[in-house]
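In what follows, a single structure is set out as structure tokens and then discussed.
The values are calculated or read from the model by the stated rules, or taken from the named source; none is laboratory data. For clarity, every value in this text was computed on a predicted model and none was experimentally measured. Every residue, glycine as well, gets a Cβ built from its backbone with ideal geometry; the counts of neighbours run over all protein chains shown.
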Amino acid sequence: MKLRINLFGSFFTGLTLLATLIIFAILFVIIGNIVLQGHKIISWDFITKAPREGMTAGGIFPAIFGTVALVILMIIAVLPVGVMTAIYLHEYAKSESALTKTIHFAVNNLAGVPSIVFGLFGLGFFIQFVGAGIDKFFGLEVVWGQPCLMWAALTLALLNLPVVVVASEEALRAVPSDMREASFALGATKWQTIRRVVLPQALPGVLTGAILSISRGAGEVAPIMFTGAAYFLPYLPHKPTDQFMELGYHVYVMATQSPDVEATKPILYGTVLVLLILTLLLNFIAIFIRSKVRRQMRHSV
Amino acid sequence: MREETEAKIEPKIPEISGKKIESFTPEILVEKLNFYYGKIQALKDISIGVQENQITAFIGPSGCGKSTFLRCLNRMNDLIPGARSSGKVFLDGVDIYSRGIELSELRRKVGMVFQKSNPFPKSIFENVSYGLRIQGIGDQNILEETVERTLKDAALWDEVKDKLDQSALKLSGGQQQRVCIARALAVEPEVLLMDEPASALDPISTAKIEELIQDLKKNYTIVIVTHNMQQAARISDYTGFFFMGELVEFDQTSKIFTNPRDKKTEDYVTGRFG
Amino acid sequence: MKSSKVIENKAQAKPLVSKKRFRLSEFIIEKVIFLTSFFAILGVILIFVFVFREALPVLISPEVKKEASLKLFFSTIIWQPVSDLPRYGLIPLVIGTFKVVAVSLFFAIPISVGAAIYTSEFAPLKLKEFIKPIVEILAGIPSVVLGFFALMVMASFFHSIFHSTMRLNAFNAGIALSFAIIPVIYSIAEDALNSVPRSLKEASLALGANRWQTAFRISLSVAMPGVLAGIILGLGRAVGETMIVLMASGNASMLSANIFDSVRTMSATIAAELGEVVHGSAHYNVLFFIGASLFVFTLIINSLAQLVVGRLQRKLAGKI
């Protein structure tokens with residue numbers, strides 16, 4: 001009887017191990033396939049030149065440039081707002097007040113909104129309300145009231161707000177409270193304590209959130225499809241009202257709408273590989289920072 | 001050696017706001033302080049005076065309210081949600097619980113050293129100079145001079161003078177506690193509150209800290225909370241015995257330990273309970 | 001008596017009793033931080049308002065309602081907005097979404113919950129520190145890359161095995177979708193299993209149970225609300241996911257029970273058609289209406305998950 005129970009148990013334990021191994025396999029196969037097929041086309045030219053001949057030759061530099069520009073604008077918008085929200089929630093607000101609960105509720109729900117709905121929002125609010133409004137106010141033709149870097153970046157900023165807030169809150173929570181007490185007992189004010197003692201210690205965690213949001217911002221396509229991304233532009237974006245090429249969007253259009261799939265396949269795989277390297281590298285860095293901080297804390301306690 | 005005072009000290013000091021009694025010159029005068037954590041009353045009608053430039057010790061069994069009382073003296077309890085109090089606490093004649101009190105200035109004047117040392121994860125130098133920096137003092141010469149002076153006062157200078165840039169966390173427990181003391185001294189307080197300053201330390205470090213405290217009273221008014229009766233008997237000039245949120249007895253230390261007035265006090269100091 | 005009074009000499013010390021009730025800079029900073037934290041709430045409200053604004057005509061404008069209304073949505077099974085006689089049957093879209101999500105959950109739940117149990121109950125310490133980062137890397141793969149992989153590689157692979165009539169279908173998209181939601185379910189479930197107090201597991205072992213008995217009878221049952229919350233959030237993510245289905249499902253709005261047929265999901269419909277639609281037309285309003293429905297659905301899902309997690313926390317704290 002005991003033997004049967006044990007056999008049964010070992011079987012189920014084995015199943016859970018199998019499940020874990022399946023996840024490893026999935027990751028391995030996907031990354032392996034992309035690296036295998038894509039590495040051949042990666043070259044210095046590929047990264048620094050523009051596409052030619054209907055996307056069958058040349059490089060994808062404009063897409064890389066556009067992605068970087070997009071992400072930079074996004075982080076400028078989302079990082080201060082997210083960190084300040086976290087500071088308010090953790091350092092200033094009375095815990096469990098109606099306001100903190102509402103903010104947490106809003107943050108959690110933002111995190112669950114489908115990315116295409118963000119795209120709709122970007123179109124309906126930023127482009128058709130704010131943008132059109134700005135144009136009307138200044139008597140312009142269509143300048144702000146159209147898809148462009150600015151609105152795409154702001155849409156992504158809203159999408160990533162929960163990532164930054166949650167990571168920053170976790171970082172603030174990890175700073176031991178006796179650090180704050182020591183600072184107060186020396187006569188520092190609340191903001192002085194936050195600026196000089198709490199934030200420096202919370203920095204790695206905040207950085208983790210920032211990097212994760214950059215990674216997501218570079219990878220999401222649905223929010224930017226109608227708010228600024230374009231498949232082919234003969235110029236690089238140089239003002240916030242310009243449209244831009246973007247890695248993820250490029251992959252989508254090329255994969256689903258290119259007239260000659262076989263001819264564009266190498267460039268397609270190359271683009272995917274570049275996008276993958278970019279996002280995974282960022283994730284690695286973020287995870288690395290986070291685990292280093294957690295290990296540090298375990299030792300100092 | 002402790003000085004002999006002539007006047008009798010009453011456990012319950014009558015409401016004389018800011019006026020000094022004969023030879024008892026309290027730097028801090030507490031009048032009917034009550035303190036509540038939410039619905040629970042932690043301190044009942046405490047009235048007491050803390051003598052200038054002397055060491056006053058608060059003793060009592062755990063949970064009796066002595067640490068709570070200590071934290072009332074620099075309003076650190078304000079940080080606890082649900083905490084409230086009534087009564088007056090006079091520092092040099094000013095009620096620190098009245099309106100318009102600049103809290104950060106109060107905490108500079110009434111410094112605190114915590115039970116578990118809590119140096120910042122910064123260098124020794126940055127730890128000690130922190131208090132000056134937040135006051136806006138950036139002059140390197142002044143900072144260096146202050147750091148040296150206070151580390152000497154804290155009897156730590158010789159041990160760390162060559163490694164001021166090292167992280168304070170690399171020091172031993174006793175050394176970290178002395179960094180915290182130096183740090184508190186750097187802001188030039190009038191009163192130094194110490195919550196079980198040596199409880200986390202080994203006997204040798206404890207002896208050093210006790211020696212340090214006795215040196216400090218020349219320039220500062222010291223209040224310590226300790227669960228170690230012998231320590232209170234060794235180093236303090238005045239002792240207050242707390243029990244279940246009440247100040248049962250307050251007198252010169254020698255009297256408390258040799259001839260206490262209250263039976264509870266006697267039971268506690270003779271070890272019948274604790 | 002006191003040593004050199006640096007602070008008071010420099011006249012830096014503030015008076016103990018200040019005439020001003022506050023310091024200006026501290027006050028301003030506090031107010032700025034306070035106001036900024038409203039952005040999150042503002043964001044949700046704005047999304048609500050502006051998505052619903054464009055969706056509302058479907059419900060209240062008589063003009064639009066002639067072409068597309070709630071009644072019309074469900075009275076036809078054809079989704080053909082671009083034609084002489086535009087028809088907005090939502091049923092094929094809803095069924096399409098359902099098929100893809102069902103496939104993805106069918107695969108994702110056992111794999112992610114199983115792996116979560118293995119990680120928190122059985123895995124040796126060295127392996128544990130390895131597994132979580134691997135799952136996080138999987139989570140970091142953008143959905144457009146997963147869609148690409150499904151389109152280029154998986155579709156042909158499944159085609160060679162199952163010989164379905166359509167290469168891009170609900171099954172293909174569903175499997176790819178499961179890759180995206182496995183990390184979601186895994187991390188929440190694993191967190192929940194980890195927060196089961198060690199003392200409970202030790203008590204079970206001390207009574208003679210072995211490790212897997214403890215895992216399934218104690219850990220899993222105590223952590224069940226957390227695991228459930230993870231599944232609920234995975235469901236929400238699956239319903240809202242766009243790029244994977246856009247690229248891998250075939251995008252044909254047909255109604256069938258066969259999972260190897262192409263489908264059109266609600267989210268993919270919006271993405272596929274919003275680019276061509278005329279601003280302000282009925283079609284435009286309908287697309288926003290679908291988006292609004294997705295938004296409401298995920299709001300409900302999220303609230304449900306939070307409720308369930310709240311239950312877990314109260315259970316662990318002994319309040320239930």
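For the range A:83-93, the count of residues that are facing chain C (nearest Cβ under 10 Å), at pLDDT 85 or above and in a loop (DSSP other than H, G, I, E, B) is at least one. Say whether the condition of being buried (at least 22 other Cβ atoms within 10 Å of the Cβ), farther than 21 Å from residue B:50 by Cβ, within 14 Å of chain C (Cβ to nearest Cβ) and of a type outside the set (Asp, Glu) is met by at least one residue in the range B:185-194. Yes, there is a match, as at least one residue in the range B:185-194 is buried (at least 22 other Cβ atoms within 10 Å of the Cβ), farther than 21 Å from residue B:50 by Cβ, within 14 Å of chain C (Cβ to nearest Cβ) and of a type outside the set (Asp, Glu). Counting the residues of the range A:13-50 that are under 15 Å from residue A:272 (Cβ atoms), surrounded by 15 or more Cβ atoms within 10 Å (Cβ to Cβ) and away from chain C (no Cβ under 14 Å) gives 3. Is at least one residue of the range A:280-295 part of a loop (DSSP other than H, G, I, E, B) and more than 15 Å from residue A:62 (Cβ to Cβ)? No, every residue in the range A:280-295 fails to be part of a loop (DSSP other than H, G, I, E, B) and more than 15 Å from residue A:62 (Cβ to Cβ). Being surrounded by 14 or more Cβ atoms within 10 Å (Cβ to Cβ) and modelled with pLDDT of 75 or more is true of residue C:47. Could you tell me which residue of the range A:206-252 is farthest from residue A:161 (Cα to Cα), considering only residues that are assigned to a loop (DSSP other than H, G, I, E, B) and of a type in the set (A, V, I, L, M)? Out of the qualifying residues, it is A:233. If you go through the range A:103-120 and keep only what is within 7 Å of chain C (Cβ to nearest Cβ), among the small types (Gly, Ala, Ser) and under 16 Å from residue A:89 (Cβ atoms), you end up with just A:106.
Looking only at residues in the range B:149-184 that are without any contact (Cβ under 8 Å) to a residue 12 or more places away in the chain and more than 13 Å from every other protein chain (Cβ to nearest Cβ), the one that is farthest from the chain's Cα centre (by Cα) is B:162. Where strands (runs of 3 or more DSSP E) fall wholly inside the range B:45-132, no range has 2 or more residues that are more than 11 Å from chain A (Cβ to nearest Cβ) and of a type in the set (Phe, Trp, Tyr). Among the residues examined, residue C:161 does not qualify as closer than 25 Å to residue C:313 by Cα and more than 10 Å from chain A (Cβ to nearest Cβ).
Counting only helices (runs of 4 or more DSSP H) that fall entirely inside the range C:205-320 and contain at least 3 residues that are among the β-branched types (Val, Ile, Thr), the qualifying elements are C:220-240, C:282-316.
Summed over the range C:24-33, the residues that are surrounded by fewer than 16 Cβ atoms within 10 Å (Cβ to Cβ) and at the interface with chain A (Cβ under 7 Å from one of its Cβ atoms) give a count of 1. Restricting C:145, C:135 to residues that are within 22 Å of residue A:250 (Cβ to Cβ) and modelled with pLDDT of 90 or more narrows the list to C:145.
Report yes if some residue within the range C:223-234 is within 30 Å of residue A:222 (Cβ to Cβ), in contact with a Phe, Trp or Tyr (Cβ under 6 Å, 6 or more places away or on another chain) and buried (at least 18 other Cβ atoms within 10 Å of the Cβ); otherwise report no. No, that holds for no residue.
Would you confirm, using the coordinates I've provided, whether residue C:59 is within 13 Å of chain A (Cβ to nearest Cβ) and at pLDDT below 90? No. Taken over the range C:205-218, the residue count meeting the criterion of being surrounded by 24 or more Cβ atoms within 10 Å (Cβ to Cβ) and more than 10 Å from chain A (Cβ to nearest Cβ) is 0. The single residue among A:74, A:55 that is closer than 30 Å to residue A:151 by Cβ, of a type outside the set (S, T, N, Q), more than 9 Å from chain C (Cβ to nearest Cβ) and part of a helix (DSSP H, G or I) turns out to be A:74.
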